[in-house]
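Trainee: One structure, pasted below without further comment.
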Amino acid sequence: MNFSVLNIIIALVGIIAVLYVISIVRKKSGKGDTEAEDLKKSLKPITDEIETQRVAKFMKYWKDKFEHNNLSVADVKELNATIAEGGIAQVNGILSLHPEAKAMYNQINDQLILEEEAKAAALKEEAEVIA
């Protein structure tokens, strides 16, 4: 293969062009990342405020239930579902909102357990009669 000066110049120009395009792409992608980070930082106070309000409403909801003795079976089932999903710390936090909350929760939960055991016993008895 014969390399002339013209071939070498064309190859160098091509290499320089490729390097230039690569540097431009890197700058553009870096700028996009920076803009995204800036947007994220500017929205952070808003998202923090929304989260704070959501938590405050959540706490007020449960505190009102406990203060007015309005804790229902459905509420206890909801709390039990939260525990089953791995939210035991959240439930313990809710129950610490009011001095008698844990007692109310335990009383209703004990009734639920007794009802479930009675249903299980009745189903077992039915199964034995059928068999």
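Trainee: Here are some conditions: (1) among the hydroxyl-bearing types (Ser, Thr, Tyr); (2) under 29 Å from the mean Cα position of the chain (by Cα); (3) at pLDDT 85 or above. Thr34 meets all but one. Which one does it not meet?
Mentor: (3)
Trainee: Related question: Being without any contact (Cβ under 8 Å) to a residue 40 or more places away in the chain and more than 33 Å from the chain's Cα centre (by Cα) narrows it down to one of Leu97, Leu112, Leu123, Leu79, so name that one.
Mentor: Matching residue, one of Leu97, Leu112, Leu123, Leu79: Leu123.
Trainee: Let me ask something else. Do we find a residue being at pLDDT 90 or above and outside any helix (DSSP H, G or I) anywhere in segment 114-121?
Mentor: No, segment 114-121 contains no residue that is at pLDDT 90 or above and outside any helix (DSSP H, G or I).
The values are calculated or read from the model by the stated rules, or taken from the named source; none is laboratory data. Owing to the predicted nature of the structure, the values given are computational and were not obtained by experimental measurement. Glycine also receives a Cβ, built like all others from the backbone with ideal geometry; neighbour counts cover every protein chain displayed.
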